[in-house]
Structure formats: C-alpha cells, structure tokens
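Chemist: Can you keep this structure in mind? I'll have questions shortly.
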Amino acid sequence: MGYCVSIKRMNEILKELQKEYKIYAPVRFEKRGRYSDTDLIRYAEINSIEDVVYDEKSDFSPKEVIYPITQALFYFTEYEYMESKIDDKKILIFARPCDINGFRRLDTIFLKNGGTEDIYYKRLREKVKFILMECKEGGWDSCFCVSMGSNKTDDYSLAVRFEDDNILVEIKDDEFTNLFGDEREVEFTPEFVTSNPTKVNIPEIDSYELLKKIYDLDMWKSYNSRCISCGACTAVCITCSCFTTLDVTYTENGKVGERRRVHASCMHEDFTIMAGGLSFRKTAGERMRFRTLHKIYDYKLRFKDEHMCVGCGRCDERCPELISFAATINRLYDEVKKLKKAETTKDIK
Amino acid sequence: MSYDIDIKKVRRNCYRQSKVRGEFMLQIRVPGGVIDAKYLSFFQHIAETWGNGEFHLGVRQTISIPGIKYEYIDEVNKYIRPYIEEIEVNLCGVDMVVDDNGYPTIGARNIMACIGNRHCIKANIDTTDLARKIEKVIFPSDYHIKLNISGCPNDCAKAHVSDIGIIGITKTEYDYDRCIGCKKCVEACAHHATRVLSVEKGKIVKDSCCCVGCGECVLVCPTGAWTRNPKKFYRILIGGRTGKQTPRMGKIFLNWVTEDVVLGVLKNWEIFSAYVMNNKPEYIHGGHLIDRVGYNKFKEMILKDVKLNPEAMVAERVLWAETEYRSNFNVKPVTQR
Amino acid sequence: MSVNIMLPTPHKIIDIIRETGNEYTFRIETNAKVKHGQFFQVSLPKVGEAPISVSAMGDGWVELTIRKVGKVTNEIFNLKPGDKIFMRGPYGNSFPVDDFKGKDLVVIAGGTGVSPVRSLLKYFYEHPAEIHSLHLIAGFKDEKSILFKEDLSNFRKRFNTIYTLDKDKIEGFEVGFVTEHIKKIPFDSFENYNVVIVGPPVMMHFAALECLKNGVPEGKIWLSFERKMSCGVGKCGHCKINETYVCLEGPVFNYTKAKNLLD
C-alpha cells in the first residue's frame with residue numbers, strides 16, 4: 001500500500017509516532033565536518049521530516065544508534081555490578097538498503113557468533129524498525145552496493161521517497177497503517193539501485209596456500225606509507241563491530257563507576273596489544289590486509305552467507321589519505337588473478 | 001634621455017623606481033592573493049605592451065610589472081582603471097573614486113593571505129573573503145600598514161612578521177560520548193601543536209589555556225568527537241616586521257576574537273596612525289608607531305568603540321624581542337632622541 | 001531477558017601463593033566446571049578485566065597464576081586471601097585430554113606458558129595410570145622466573161623431565177632454550193603420542209618447527225594461543241585471526257589449524 005503524504009502531514013504523523021518511538025535519521029550538523037566550513041552528516045534523533053538528509057550520503061552509519069560509540073555495561077559500587085538500563089521507547093531508523101543489510105552482519109556478530117547473545121546489542125536491536133530511504137539513481141560515487149549484493153532489502157516497515165513537496169510512503173508493517181489512513185493512496189514501492197559507478201570484483205580465496213601468498217603481496221606494503229592508521233574507515237563502517245571494555249571511576253569519590261565499552265579499530269596500532277606489551281600486525285599495511293580480508297574473505301568463510309562489506313563506500317569518503325577500499329579490493333582481485341595464473345603456468349610446466 | 005621625476009609621487013601611485021633610469025615597476029593589488037584567472041591576460045597585456053615582457057609575483061602578492069617607462073605611466077593608469085574598479089570597488093566594496101590616475105595611494109599595502117579554507121585542509125577561515133572585507137576598511141590610505149592573514153596557526157602567510165597579523169583559529173568542541181579514546185588527537189597535538197591533550201579514564205582532557213586553536217585534533221579524529229565551533233575566531237598579532245635594523249616577530253594582541261572585532265580594530269588603525277604622526281603620513285610602518293607611543297596608548301586607541309566578544313582575550317603587556325643588528329641599538333645619543 | 005554474558009560474579013580468594021617476584025597464584029572459590037586449557041575473564045570493578053588461564057583446579061576452586069604486567073593485574077596483586085575477585089567464564093576450548101589418555105605425551109612449555117598446561121600436568125601426575133609416558137620440557141628465562149617449583153620437583157618423580165634456563169646454570173636445570181632440548185625426546189620410541197607446546201609466540205613457532213624436524217606429524221602437535229581479549233565470547237573482535245576467534249575456537253589449536261592462523 002502506498003500513500004502520498006505532504007510534509008506538513010508527515011510531521012504530524014512523526015509527532016504521533018514519537019509518543020512511542022525515538023526516530024533516528026541522518027541529520028546535518030552544520031560546519032561540524034572534518035574540514036573548515038564543511039558539514040557533518042550523522043545519525044541523530046529528528047523532530048521533523050525536514051531534519052532528514054535524504055539527498056546525500058551520511059558520513060557515519062546508523063550503527064551507532066543501537067551500538068553506541070560509548071556504552072555503559074555496568075555501574076558498580078564497591079561490591080556489586082548493576083546492569084545499565086535503556087529507554088523504554090521503541091526505535092525507528094531511516095536507513096538505506098546497504099545499512100539495513102549491514103545490520104544483519106552486526107546481528108551475526110552480536111547475536112550469533114560463539115552461540116551467545118550480547119544483551120546490550122539485543123535489547124536495542126529488538127526495538128528497531130526500519131524506514132527504508134530510497135537512494136538516488138546509481139547511488140553515490142563511492143557506493144558499490146550492487147557488487148556486494150546489498151543494494152536491495154525487504155527488511156523494512158516503511159519505505160519513503162522524498163519528493164519536492166510530498167513524501168511517498170509504502171507501508172509494509174500493519175502497525176503503521178492507521179496513521180496513514182486519511183492520506184491519498186498512490187502506487188508506490190521503492191526503487192533500488194541496480195548499477196553503481198564503482199564496481200568491485202571479489203577475489204576468490206580458496207586455499208590457505210593462496211592466503212599465505214596474499215599475505216606476502218607487496219600491495220600491502222604500499223599502505224605502510226599511505227595509511228595513517230587513524231581508524232576513520234572503521235568508525236564509519238556499518239559492519240565494523242569491534243570494541244574495547246574498560247572501567248572508569250567517577251572522579252568525585254573514586255569508589256563508584258562504570259564498566260563501559262567503546263568502539264575499537266583494527267587499524268589502530270594498539271588493537272592487539274596485550275598486557276605485557278606483545279602485539280601483532282605492527283604495520284599499517286598488515287592492518288589494512290587484516291581489515292580487507294575480514295570484509296571480503298574471512299567473515300564469509302566463517303558465517304557462509306555473505307561478505308561482511310556491504311559496499312556503502314563510507315570508508316572511501318572518509319579516508320583523509322584518499323585510500324579507496326573499492327580500489328583496494330580490485331587491486332587484490334588483480335593480484336590474486338596473477339597468483340592463480342602463475343600457479344596454473346607452474347602446473348603445466 | 002634626461003628625466004626629472006618626483007619619485008615619491010610616482011611611488012604613491014604604486015610605481016617603484018627601477019635601477020634603470022626612467023623605468024618603473026607597477027605593483028597591482030590582489031587583495032588576499034586570489035582573483036579570477038581571467039585577469040592573467042590583462043596582466044600579460046600590460047607587461048607586453050608597456051613593460052619589459054616579464055612580471056614578478058610580488059612578495060606581498062601583488063602582480064608586479066617591471067620595465068615600464070615613465071612616459072607610459074599615464075597610458076598604463078588609464079588601462080588599469082577597469083581593473084581597479086572591478087577589484088577594489090565591485091569585489092571588495094572599497095569606498096573610492098576610480099579615475100584615470102591609477103592607484104591613489106601605496107600606504108596600506110596589498111593584503112597578503114594564504115589560500116585559506118577555500119582550498120586548504122588545515123585552514124580554519126576563508127582568508128580570501130576576510131582579505132576583501134579588510135581591503136574595504138584599510139584602502140586607500142596614506143598610512144603605511146602591512147597586513148597578513150593566515151588561515152591557521154601554521155601561519156604560512158607570515159602574520160608573525162607583519163604590522164598586523166591575523167590568524168584563523170578554531171574553538172574545538174569535544175563530544176565525550178563519541179570519543180573512543182584512541183589518542184590520535186593527543187598524538188596530533190603533540191606532533192603539530194602545543195601538547196594540550198592527554199588521556200584520562202579512556203577519554204580526552206584538554207588544557208584549554210594553551211590551545212593554539214589549530215584544529216589538528218578535528219582533522220585526525222576518526223569518530224567526529226572533535227568538531228569546530230561553527231563560529232569563526234581570530235588571533236591578532238601586532239608589531240612584526242622585517243628590516244635592516246630591528247626585525248622582530250609580532251606578538252599576540254588579541255586572541256579568540258570575532259570578525260567584527262578584527263574589522264573594528266582595523267577601522268581604528270588610520271585614526272591611530274594619524275594621531276602618532278600628527279596627521280602627516282610618513283613612510284613609517286605600523287610596528288614603529290606602536291613603539292613611539294607605547295603599547296598602552298595603542299591598545300586604548302585601537303580598541304576604542306570595539307565591542308569585544310565574550311571569548312576575547314587581550315594582551316596586558318607586550319614584550320618585544322627584537323633582533324638587534326647592532327648591540328644596544330635602541331640606546332641612542334641624546335641628539336637622536 | 002536473556003543471560004548477560006558480560007556479567008561477572010564475585011568469588012572469594014582462598015589462598016595466594018607467591019611463585020616469583022611478579023607472578024602469584026590465586027586460589028579462588030568456584031564451582032565452575034573447568035577443562036584443562038580454559039581461561040576466565042577476571043576483573044576488579046574500577047580497574048577492568050583481563051583474560052587469565054586456569055593453572056590448576058580442584059573441588060570447589062580454581063587456581064589462576066597471574067603475572068603483574070598491567071593495570072588489572074597490578075591491582076589484583078594488592079588483594080589478600082578472603083578478598084573478592086570478579087570472574088566470568090570459563091571460556092575457550094581445552095586440551096583434548098581424552099585423546100591424550102593411554103598414550104605418550106610430550107609437553108613443551110616456556111615461561112608463563114607453563115600456567116595453562118599446569119592443570120593438565122597435575123592431572124596426569126595424580127592419575128599416572130592414565131598416561132603411557134609424559135615427557136616435560138619446561139624452560140624459564142632465569143632462576144628467579146621459575147614457576148611452580150614444588151610441582152616441578154614433584155613432576156621429576158613421575159615424568160621424564162628436562163628443565164632448562166636460558167642462561168643461568170643451576171642444579172637440576174639445563175642451559176638453553178626449550179627448542180634445543182626437543183631432539184632429546186625419544187619420538188621414535190613412541191607408539192602413539194601427542195605434543196603440547198605452550199609459550200610466547202616465537203617460542204611456539206620454533207618449538208613446533210623443531211618437532212616437525214624431528215618427525216612429529218602436524219596433527220599430533222597442540223598449541224595454546226594468547227591474544228588480547230576484551231570479551232572472551234566472540235564479540236569484541238580483538239583476538240580474531242582470519243575466520244578464527246581465539247576465544248571461541250581456541251586458545252588450544254591443533255598445529256594443522258594453528259599453522260594457518262597468521263597475523
């Protein structure tokens with residue numbers, strides 16, 4: 001069922017929804033971008049439909065809505081741990097197809113990996129319903145969702161297309177039908193991007209022998225000088241899920257405090273460092289290799305269905321050193337092709 | 001050919017005397033160093049028609065055209081009339097009458113600026129825009145002032161060696177929840193700036209007192225925890241100069257002031273200069289004028305009717321550090337007092 | 001609401017044994033069912049969590065041998081018997097003890113690597129009938145870093161032991177790295193055997209190569225990995241190597257798997 005809703009009516013509907021839901025969407029933070037006089041677009045609660053930035057790609061992904069960058073796990077006094085609490089309200093997220101597909105990857109890590117559920121993720125995830133936002137035709141320059149097969153989804157409650165004066169809404173979830181009862185009915189289902197300007201070829205890594213040769217590729221070394229290990233790529237990634245836990249005490253008395261987790265980045269030098277100082281993957285190139293292989297090789301090897309990377313391209317957009325992840329994948333594809341060719345030639349000889 | 005030329009009059013018209021008798025170099029103003037590329041052919045025409053075919057990228061970002069014979073100056077002045085009109089009046093909004101006589105004064109020198117945030121990753125301000133606004137305030141004037149604008153405390157435009165130097169700074173703001181404690185900002189601050197950041201309990205603590213406002217923390221922050229306050233802030237340095245006798249670095253006069261304050265201060269500059277020189281402009285630069293009456297008098301006059309923003313900080317004293325090419329240069333015989 | 005896997009529970013410290021200047025063994029009250037080679041996430045509120053392997057276990061207790069190397073462990077060293085320590089776990093897999101039974105077993109351990117195999121060694125020490133033979137090579141840096149002195153001297157009675165120090169020459173100890181002594185193991189005389197190697201990454205790497213050189217098949221070698229861990233339950237990502245989470249599929253790996261766990 002589709003409806004054509006005016007901006008004014010949409011805002012009234014949002015107001016109604018806000019009684020039960022916190023509504024999140026990409027929002028513009030003026031002049032808060034990395035460079036002077038540039039804006040930052042990231043997820044935040046909205047109060048009106050005009051707050052939604054629908055015609056640009058957000059710098060940061062919606063993962064932070066349900067997987068906050070800093071999250072208290074427990075509050076402790078001297079002798080006990082108390083689980084942190086969350087708001088009762090349910091959550092609506094305006095999200096692109098790639099991000100909705102990305103949440104499935106987060107679900108895999110937090111709710112399935114190791115056969116246990118992370119309750120901090122679960123308790124927020126359970127509250128989420130998606131409002132699918134259509135992308136512009138072909139997506140944005142750095143998008144490669146089609147290559148990653150994450151350009152489509154049917155996992156949404158509402159879908160929206162922003163027009164000049166109206167918003168077209170598709171309702172898939174009956175819960176919301178009543179709200180739109182008085183609106184003008186129209187034929188509308190969202191259209192998905194079917195081709196991106198950026199395309200990637202995923203190398204097929206089918207043996208540990210090949211994997212070892214990939215480890216030795218010179219291409220990784222080129223990132224030793226290019227990558228500054230800032231972790232901007234992982235911070236914006238919808239599928240990056242790593243975190244570090246730490247305890248902090250409140251300054252006033254030093255006796256109570258919290259155990260919290262904060263996002264961590266495998267691109268940072270200290271990601272693997274253990275108490276005692278031993279660490280692994282000491283160069284930027286090795287860390288780049290680790291991240292690349294995780295996104296387009298070993299996640300799928302472990303969980304079977306799909307690669308971790310959804311091709312949102314945010315890492316490309318946000319890298320201050322202009323390293324393109326899409327280009328990295330394609331470079332690896334070419335190198336793997338060469339390695340395989342060399343192997344076949346050797347066999348013939 | 002024998003010449004009888006009032007050199008000072010020609011200089012005031014922005015033509016500088018050449019070692020070749022009767023030849024001059026025209027210094028064309030380019031406020032802030034940025035103008036449309038279309039003017040390149042205009043400069044080329046002057047150089048090839050009246051000059052010696054070359055041009056110099058003036059150290060104060062003028063387009064300088066050498067080899068112009070004295071007798072062509074009138075023709076050249078007629079030719080540059082539309083340029084002065086377009087740049088000074090239309091682009092910068094300077095309140096002046098443009099005629100066939102070329103530039104009216106050389107006193108307030110071309111305003112120098114780095115490329116600023118129209119291009120530069122590090123810049124905190126639009127230096128070009130500010131230069132044009134300041135041009136309107138200081139030009140034309142017979143009182144000499146060299147004014148340099150840098151987009152960030154890196155100071156590529158050398159605000160530290162100008163009479164008045166302006167540096168774009170940013171008040172960075174910290175979002176505790178977005179910070180992952182990765183220390184990239186701490187490293188960047190220690191490497192590029194003044195080591196004001198440190199980690200405490202997994203988050204960042206800032207010693208605001210010594211922050212130079214460069215914004216390196218914003219540039220390196222992976223999560224957007226550090227952002228710039230959208231309001232633009234400026235640092236004003238005074239009294240810097242080069243020169244044969246007592247070159248010196250400028251010192252901070254105002255810190256964390258707004259554009260309104262910058263423009264307000266500059267509006268008072270001519271009044272201050274006129275006061276120091278009894279309304280008789282001499283070829284003496286700003287730093288020397290401050291020296292003559294002392295910093296306190298300068299401060300009183302230059303801040304007159306300027307409404308300082310709440311964040312503003314004002315130097316109580318200025319401790320000059322001059323390079324004295326003769327020891328005790330400032331200790332002079334009574335006759336030269 | 002489901003179980004909170006991050007929630008630690010308080011446990012009483014029964015005893016603290018000083019092994020070396022900066023390594024203490026804490027005996028902690030718990031009824032948790034622990035297997036040889038597993039680890040706990042040990043924590044103190046205010047200080048944080050750290051993964052610590054079990055070095056011994058008994059009825060109603062486990063022992064954790066802790067090295068003073070960081071914020072958490074430094075603070076743990078201030079605790080006294082009777083104090084509470086917080087734990088969650090045990091986590092990870094374990095040595096395939098049933099597989100080891102009735103066969104010959106070679107244990108090669110270096111430094112703190114002795115901790116994760118100590119419970120295994122103690123088990124076979126207490127149940128000598130369950131193992132055909134046990135050869136132990138234990139190496140330490142110097143005299144003052146020797147761990148579990150009493151156990152080591154007991155082990156001499158029932159196991160074939162080679163104890164070695166990197167440089168110091170003292171009675172009862174050879175000189176040199178553990179790798180130098182591997183050739184002394186009579187692999188040829190074994191009918192069916194396993195080799196356990198635990199220690200710092202470099203030591204494990206070279207000890208495994210030395211074993212292979214001595215004709216040990218890859219499938220008979222077992223290693224225990226140490227990695228940074230924040231959660232111990234496959235969520236935080238720190239310990240991942242390719243598709244493998246050390247906290248879930250490890251820390252014990254057969255060499256056939258371990259050789260592909262490249263960093």
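Chemist: For the range C:9-91, which whole-number percentage of the solvent-accessible area (1.4 Å probe, protein heavy atoms only) is attributable to carbon and sulfur atoms?
Modeler: Numbers: 1550 of 3460 Å².
Taking all protein chains in place, the range C:9-91 shows 45 percent carbon and sulfur surface.
Chemist: Right, next: Out of A:Thr239, A:Trp140, A:Leu293, whose Cα points farthest toward the positive end of the dipole of the protein assembly as shown (charges: +1 Lys, Arg; -1 Asp, Glu; placed on Cβ)?
Modeler: Going by the charge dipole, the pick is A:Leu293.
Chemist: To the nearest 20 debye, what charge dipole does the protein assembly as shown have about its Cα centre, counting +1 at the Cβ of each Lys and Arg and -1 at the Cβ of each Asp and Glu? Walk me through the numbers before you get to the answer.
Modeler: Values: 138 positive and 131 negative charges, 586 e Å.
For the protein assembly as shown, the charge dipole is close to 2820 debye.
Chemist: Sticking with this one: Under a Cβ-only charge scheme (Lys and Arg +1, Asp and Glu -1), can you give me the dipole magnitude of chain B about the Cα centre, in debye to the nearest 20? Please list the in-between numbers first.
Modeler: Details: 48 positive and 39 negative charges, 227 e Å.
The dipole of chain B has a size of about 1100 debye.
Chemist: Only Cα pairs within less than 10 Å get springs; with that Gaussian network setup on chain B, which residue of B:Pro104, B:Pro281, B:Pro222 has the largest fluctuation?
Modeler: B:Pro222
Chemist: Additional query: Return one number: the angle in degrees, 0 to 90 and rounded to the nearest 10, between the long axis of the Cα atoms of helix C:149-158 and the longest principal axis of the Cα atoms of chain C.
Modeler: The helix C:149-158 is inclined about 40 degrees to chain C.
Chemist: While we're here: Taking R0 as 45 Å, what FRET efficiency do you get between C:Asn154 and A:Glu78 from their Cβ-Cβ distance, rounded to the nearest 0.05? Could the numbers behind the result be given before it?
Modeler: Numbers: r = 40 Å, r/R0 = 0.89.
Plugging the Cβ-Cβ distance into 1/(1 + (r/R0)^6) gives 0.65.
Chemist: Where the accessible area of the range C:97-258 is counted over protein heavy atoms with a 1.4 Å probe, how much of it, in %, is carbon and sulfur? Provide the component values of the computation, followed by the final result.
Modeler: Values: 3330 of 6460 Å².
Carbon with sulfur: 52 percent of the solvent-accessible area.
Chemist: ³J(HN,Hα) across the range A:181-195 via Karplus (A = 6.51, B = -1.76, C = 1.60, θ = phi - 60°), whole Hz, x for Gly/Pro?
Modeler: x, 8, 7, 6, 7, 9, 7, 8, 10, x, 9, 9, 5, 10, 7
Chemist: Using Cα springs under 10 Å in a Gaussian network model of chain B, which residue among B:Lys201, B:Lys297, B:Lys171 shows the largest mean-square fluctuation?
Modeler: B:Lys201
Chemist: Principal axis lengths of chain C from Cα atoms, whole Å, largest first?
Modeler: 55, 42, 34
Chemist: Take the Cα pairs of the protein assembly as shown, get the Kirkwood Rh, then feed it into Stokes-Einstein at 37 °C and 0.692 mPa s and tell me D in µm²/s. Before the final figure, lay out each step's value.
Modeler: Working: Rh = 33.5 Å.
After rounding, the answer is 98 µm²/s.
Chemist: I would also like to ask the following. Which of the trypsin sites (Lys or Arg not before Pro) found in the range A:266-345 are loop residues per DSSP with 16 or fewer other Cβ atoms within 10 Å of their Cβ?
Modeler: Values: sites: A:Arg281, A:Lys282, A:Arg287, A:Arg289, A:Arg291, A:Lys295, A:Lys300, A:Arg302, A:Lys304, A:Arg314, A:Arg318, A:Arg331, A:Lys337, A:Lys338, A:Lys340, A:Lys341; in loops: A:Arg281, A:Lys282, A:Lys304.
Those satisfying the criteria are A:Lys282, A:Lys304.
Chemist: Of A:Ser84, C:Cys247, C:Val69, which is farthest towards the positive pole of the protein assembly as shown's charge dipole, taken about the Cα centre with +1 and -1 on the beta-carbons of Lys, Arg and Asp, Glu respectively?
Modeler: C:Val69
Chemist: Rounded to a whole number, what is D in µm²/s for the range B:96-201 from Stokes-Einstein with the Kirkwood radius over alpha-carbon pairs (4 °C, 1.567 mPa s)?
Modeler: Values: Rh = 16.3 Å.
Estimated diffusion coefficient is 80 µm²/s.
Chemist: Here's a follow-up. How large, in percent, is the carbon and sulfur part of the accessible surface of chain B at a probe radius of 1.4 Å? Numbers along the way, then the final one.
Modeler: On the way: 8360 of 16530 Å².
Using a 1.4 Å probe with all protein chains present, chain B comes out at 51 percent carbon and sulfur.
Chemist: Moving on to the next point. Based on DSSP H assignment, which helices of chain A show an axial Cα extent of at least 20 Å together with a mean Kyte-Doolittle hydropathy greater than or equal to -1.0? Could the numbers behind the result be given before it?
Modeler: Details: long enough: A:325-348 (34 Å, -0.66).
Answer set is A:325-348.
Chemist: Can you tell me what share of the DSSP beta bridges in chain C is antiparallel? A percent to the nearest 5 is fine.
Modeler: Numbers: 36 of 61 bridges.
Of all bridge pairs located within chain C, approximately 60 percent are antiparallel.
Chemist: Also, I was wondering about something else. As a test, work out the antiparallel percent of DSSP beta bridges whose residues both lie in chain A, rounded to the nearest 5.
Modeler: Details: 36 of 48 bridges.
Taking every DSSP beta bridge within chain A, about 75 percent pair in antiparallel fashion.
Chemist: Now for a separate question. What distance in nm separates the simple spin-label points at B:Glu316 and A:Lys15, each placed 7 Å from Cα in the Cβ direction?
Modeler: 5.5 nm
Chemist: Test of understanding: in a Gaussian network model of chain C with alpha carbons linked when under 10 Å, which of C:Gly199, C:Gly215, C:Gly234 would top the mean-square fluctuation ranking?
Modeler: C:Gly215
Chemist: How much area per residue is accessible in the protein assembly as shown when the probe is 1.4 Å and only protein heavy atoms are counted (Å²)? Intermediate results must be reported in sequence, preceding the final value.
Modeler: On the way: 42340 Å² over 949 residues.
Accessible area per residue: 45 Å².
Chemist: Express in Å², to the nearest 10, the accessible area of B:Val212 obtained by rolling a 1.4 Å probe over the protein heavy atoms while all chains stay in place.
Modeler: B:Val212 has an accessible surface of roughly 40 Å² with all protein chains in place.
Chemist: Taking the range C:152-247 as the region of interest, what is the percent of Cα-Cα pairs per 10 angstrom bin, listed from the shortest bin to the one with the maximum distance?
Modeler: Taking every Cα pair in the range C:152-247, the percentages come to 14, 35, 31, 18, 3.
Chemist: Give the ranking of B:Ser150, C:Ser53, A:Ser195 by solvent-accessible surface, highest area first, calculated with a 1.4 Å probe.
Modeler: Numbers: B:Ser150 0, C:Ser53 30, A:Ser195 60 Å².
Most to least solvent-accessible, the answer reads A:Ser195, C:Ser53, B:Ser150.
Chemist: Counting only DSSP beta bridges with both residues in the range A:1-125, tell me the antiparallel percent, nearest 5. Present the calculation step by step, with values, prior to reporting the outcome.
Modeler: Values: 10 of 14 bridges.
Roughly 70 percent of the beta bridges in the range A:1-125 run antiparallel, per DSSP.
Chemist: Also, quick follow-up: Determine Rg/Rh for the range B:34-81; Rg is computed over alpha-carbon atoms and Rh is the Kirkwood hydrodynamic estimate from the same atoms. Could the numbers behind the result be given before it?
Modeler: Working: Rg = 10.6 Å, Rh = 11.1 Å.
Result for the range B:34-81 is an Rg/Rh of 0.95.
Chemist: Express the C-alpha Rg of the range C:100-159 as a ratio against the empirical globular expectation 2.2 N^0.38 Å, rounded to two decimals. Can you show the working numbers first?
Modeler: Values: Rg = 11.3 Å, N = 60, 2.2 N^0.38 = 10.4 Å.
Against the empirical 2.2 N^0.38 Å value, I get 1.08 for the range C:100-159.
Chemist: Something else about it: Let me spell out the model: positive unit charges on the Cβ of Lys and Arg, negative unit charges on the Cβ of Asp and Glu, origin at the Cα centre of chain A. What dipole size does that give, in debye rounded to 20?
Modeler: Values: 56 positive and 61 negative charges, 344 e Å.
The calculation lands at about 1660 debye.
Chemist: If you take each beta carbon of peptide A:225-233 and count the beta carbons of other chains within 10 angstrom, what is the mean?
Modeler: On the way: counts 0, 0, 0, 3, 3, 8, 7, 6, 1.
Rounded to a whole number, the mean comes out at 3.
Chemist: What list of whole percents do you get for P(r) of chain B, with Cα-Cα distances grouped in 10 Å bins up to the one holding the largest distance?
Modeler: Answer for chain B: a P(r) of 5, 23, 28, 23, 14, 5, 1, 0, 0 percent.
Chemist: OK, next. Over all residues in B:179-187, what is the mean tally of Cβ atoms on other chains that come within 10 Å of each residue's Cβ? Spell out each step's value before the answer.
Modeler: On the way: counts 4, 13, 6, 14, 3, 7, 0, 0, 1.
Mean partner-chain Cβ count within 10 Å for B:179-187: 5.
Chemist: Buried by at least 50 Å² relative to the chain on its own: which residues of the range A:44-86 qualify, computing accessible area with a 1.4 Å probe on protein heavy atoms?
Modeler: Those residues are A:Ile69, A:Thr70, A:Phe74, A:Tyr81.
Chemist: Same structure, new question: Can you pull the accessible area of C:Trp222 for me, 1.4 Å probe, Å² to the nearest 10?
Modeler: 40 Å²
Chemist: At a Förster distance of 30 Å, what's the computed FRET efficiency of A:Asp174 paired with B:Asp177, Cβ-Cβ distance as r, to 0.05? Don't skip to the end; give the middle numbers.
Modeler: Working: r = 36 Å, r/R0 = 1.18.
Efficiency at R0 = 30 Å is approximately 0.25.
Chemist: Counting only protein heavy atoms, probe 1.4 Å: which residues of the range C:45-87 lose 30 Å² or more of accessible surface in the full assembly compared with their chain by itself?
Modeler: The answer is C:Pro45, C:Lys46, C:Glu49, C:Val69, C:Phe86.
Chemist: Report the net charge of residues surrounding C:Glu143, where surrounding means a beta-carbon distance below 14 angstrom and charges are Lys +1, Arg +1, Asp -1, Glu -1.
Modeler: On the way: positive: C:Lys141, C:Lys144, C:Lys149, C:Lys167, C:Lys169; negative: C:Glu19, C:Glu23, C:Asp142, C:Asp166, C:Asp168, C:Glu171, C:Glu174.
My count for the surroundings of C:Glu143 gives -2.
Chemist: Continuing with this model, one more query. Once both labels are modelled 7 Å past Cα along the beta-carbon direction, what's the A:Ser279-B:Leu263 spacing in nm?
Modeler: 4.9 nm
Chemist: Excluding ligands, DNA and RNA, what is the accessible area buried between chains C and A, summed over both sides, using a 1.4 Å probe, to the nearest 100 Å²?
Modeler: Working: alone 12750 and 18240 Å², together 26980 Å².
Counting protein atoms only, the buried area is about 4000 Å².
Chemist: Let me ask something else about it. Could you state the principal axis extents of the C-alpha atoms in the range B:7-91, from the largest down, to the nearest angstrom?
Modeler: 35, 25, 24
Chemist: How far is it, in nm, from the label point at A:Phe162 to the one at C:Lys184 when both lie 7 Å from their Cα along the line to the Cβ?
Modeler: So the label points at A:Phe162 and C:Lys184 sit 7.5 nm apart.
Chemist: Return the calculated 222 nm mean residue ellipticity for chain A, to the nearest 500 deg cm²/dmol, obtained by summing -39500 (n - 2.57) across DSSP H runs with n ≥ 4 and dividing by the residue count. Walk me through the numbers before you get to the answer.
Modeler: Working: 12 runs with 103 residues, N = 349.
The helix-only estimate for chain A comes to -8000 deg cm²/dmol at 222 nm.
Chemist: Checking an interface number: how much accessible area is buried between A and B, summed over both chains, with a 1.4 Å probe, in Å² rounded to 100? Don't skip to the end; give the middle numbers.
Modeler: Details: alone 18240 and 17700 Å², together 33600 Å².
Answer for the A-B pair: about 2300 Å² buried.
The values are calculated or read from the model by the stated rules, or taken from the named source; none is laboratory data. It should be emphasised that the depicted structure is a prediction, and the values quoted were computed from it without experimental measurement. Please note: Cβ atoms are built from the backbone with ideal geometry, for glycine as well, and neighbour counts cover all protein chains shown. Please note that ligands, DNA and RNA were not included when accessible areas were found on the heavy atoms of the full protein model with its side chains. Shrake-Rupley method; radii C 1.70, N 1.55, O 1.52, S 1.80 Å.
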